[in-house]
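Take a look at the structure below.
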């Protein structure tokens with residue numbers, strides 16, 4: 001099967017590896033569509049993702065959807081010809097090859113977390129990993145082209161709970177990449193109040209307005225100094241200096257919310273004098289899996305109602321054999337989301 005292998009920093013190849021064999025709690029899934037995760041996949045490819053700096057070669061990818069072709073005898077929640085979200089592949093059966101989640105493989109494995117919990121084997125002793133909780137079946141009425149964005153959307157909507165956001169809250173978002181734009185789109189559907197976003201690219205500012213942002217700013221816009229009493233400032237970029245920029249903007253009891261991994265950062269400094277007396281700092285470098293999983297229901301409802309569509313986010317489409325071109329387009333900042341197609 002086709003596997004996207006990162007052989008050394010910045011070097012990606014499509015190679016052939018064995019099709020995995022599903023275990024008793026697993027479903028074998030033939031990938032239909034995948035998406036590049038602009039931040040995480042880029043950090044992995046260039047050897048900057050924490051814990052994977054020297055893991056070459058490894059199999060890339062973690063955002064995908066596909067059709068179930070085989071089901072283990074103890075898996076209860078997947079069915080042949082049904083679909084599954086977030087299949088991964090950890091054991092490539094190739095000497096020296098590790099897994100960077102392996103979600104771009106032509107065939108991946110989805111694990112039945114619920115069945116493992118029911119049988120009392122959802123622990124490391126029995127090979128369970130925390131990411132199994134978000135490997136979920138997909139309702140039959142949701143098209144795979146829409147479902148491929150669930151990986152991004154579930155994480156973002158789940159982060160609303162980690163950040164303690166409430167309907168009516170006024171927020172400012174730094175960065176109009178796929179995460180920042182998802183905060184705008186989902187925030188409007190969720191019922192947030194005023195939403196502003198900072199980005200230097202006019203096309204991304206326009207997309208944010210299309211999604212319902214009340215205001216857009218360039219990062220050097222003097223009007224930013226006028227912003228006060230916000231409920232939350234969200235860093236969707238992952239740069240520590242943004243926290244101090246946001247401090248004067250939040251109300252007493254408001255929150256600074258960092259979404260994503262601040263790769264390689266061991267410490268950061270907060271200038272307390274810039275803030276009001278009471279404020280919160282939420283660092284979200286890894287999804288809360290339960291929140292992520294539970295976000296799938298409302299997201300699928302919004303898809304059914306025509307309020308949410310992947311077509312609003314996907315700007316580029318590539319065949320899986322052209323993954324190097326997809327990653328280059330992402331590096332050139334030409335992409336919101338890049339869709340990968342499979343034979």
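The values are calculated or read from the model by the stated rules, or taken from the named source; none is laboratory data. Here the structure is a predicted model, which means the values were calculated and not measured. Methodologically, a virtual Cβ is constructed for each residue, glycine included, from the backbone with ideal geometry; neighbour enumeration extends over all protein chains shown.
Residues of the range 183-208 that are closer than 21 Å to residue 220 by Cα and either in contact (Cβ under 8 Å) with a residue 60 or more places away in the chain or part of a loop (DSSP other than H, G, I, E, B) (or both): 194, 199, 200, 201, 204, 207. For residue 180, state whether it is within 23 Å of residue 50 (Cα to Cα), touching a strand residue (DSSP E or B) at 6+ places or on another chain (Cβ under 6 Å) and in a helix (DSSP H, G or I). For residue 180, the condition - within 23 Å of residue 50 (Cα to Cα), touching a strand residue (DSSP E or B) at 6+ places or on another chain (Cβ under 6 Å) and in a helix (DSSP H, G or I) - is met.
For residue 44, the criteria (1) part of a loop (DSSP other than H, G, I, E, B); (2) within 28 Å of residue 327 (Cα to Cα) hold in every case but one, which is (1). Taken together, the criteria place residue 294 among residues that are more than 21 Å from residue 31 (Cα to Cα) and under 19 Å from the mean Cα position of the chain (by Cα). (1) surrounded by fewer than 16 Cβ atoms within 10 Å (Cβ to Cβ); (2) in contact (Cβ under 8 Å) with a residue 24 or more places away in the chain; (3) within 21 Å of residue 7 (Cα to Cα): which one isn't true of residue 304, the others all being true? Condition (3) is where residue 304 drops out. The condition of being out of contact with any strand residue (DSSP E or B) (no Cβ under 9 Å at 6 or more places or on another chain) and in a helix (DSSP H, G or I) holds for residue 299. What number of residues within the range 8-51 satisfy the criterion of being closer than 27 Å to residue 285 by Cβ and surrounded by fewer than 18 Cβ atoms within 10 Å (Cβ to Cβ)? Matching residues across the range 8-51 total 10.
Determine if the range 157-170 includes at least one residue that is at pLDDT 95 or above and under 28 Å from residue 20 (Cβ atoms). Yes, some residue in the range 157-170 is at pLDDT 95 or above and under 28 Å from residue 20 (Cβ atoms). Of all residues in the range 312-327, those satisfying the criterion of being under 27 Å from residue 200 (Cβ atoms) and part of a helix (DSSP H, G or I) are 312, 324, 325, 326, 327. Pull up the range 225-246, narrow it to residues that are in contact with a helix residue (DSSP H, G or I) (Cβ under 7 Å, 6 or more places away or on another chain) and free of Cβ contacts under 8 Å to residues at least 40 places away in the same chain, then point me to the one that is surrounded by the fewest Cβ atoms within 10 Å (Cβ to Cβ). If we take residues in the range 225-246 being in contact with a helix residue (DSSP H, G or I) (Cβ under 7 Å, 6 or more places away or on another chain) and free of Cβ contacts under 8 Å to residues at least 40 places away in the same chain, then 228 is surrounded by the fewest Cβ atoms within 10 Å (Cβ to Cβ).
Can you pull out every residue in the range 92-134 that is assigned to a strand (DSSP E or B) and farther than 25 Å from residue 81 by Cα?
Within the range 92-134, 98, 99 qualify.
The set of residues in the range 132-161 being in contact with a helix residue (DSSP H, G or I) (Cβ under 9 Å, 6 or more places away or on another chain), within 29 Å of residue 121 (Cβ to Cβ) and surrounded by fewer than 18 Cβ atoms within 10 Å (Cβ to Cβ) consists of 139, 161.
The set of residues from the range 48-77 being farther than 21 Å from residue 132 by Cα and either touching a strand residue (DSSP E or B) at 6+ places or on another chain (Cβ under 7 Å) or modelled with pLDDT of 95 or more (or both) comprises 55, 56, 57. Selection within the range 51-98: residues that are free of Cβ contacts under 8 Å to residues at least 12 places away in the same chain and farther than 19 Å from residue 327 by Cβ. The member of this set that is farthest from the chain's Cα centre (by Cα) is 95.
Assess whether residue 330 counts as being part of a loop (DSSP other than H, G, I, E, B) and either within 21 Å of residue 210 (Cα to Cα) or in contact with a strand residue (DSSP E or B) (Cβ under 9 Å, 6 or more places away or on another chain) (or both). In short, no.
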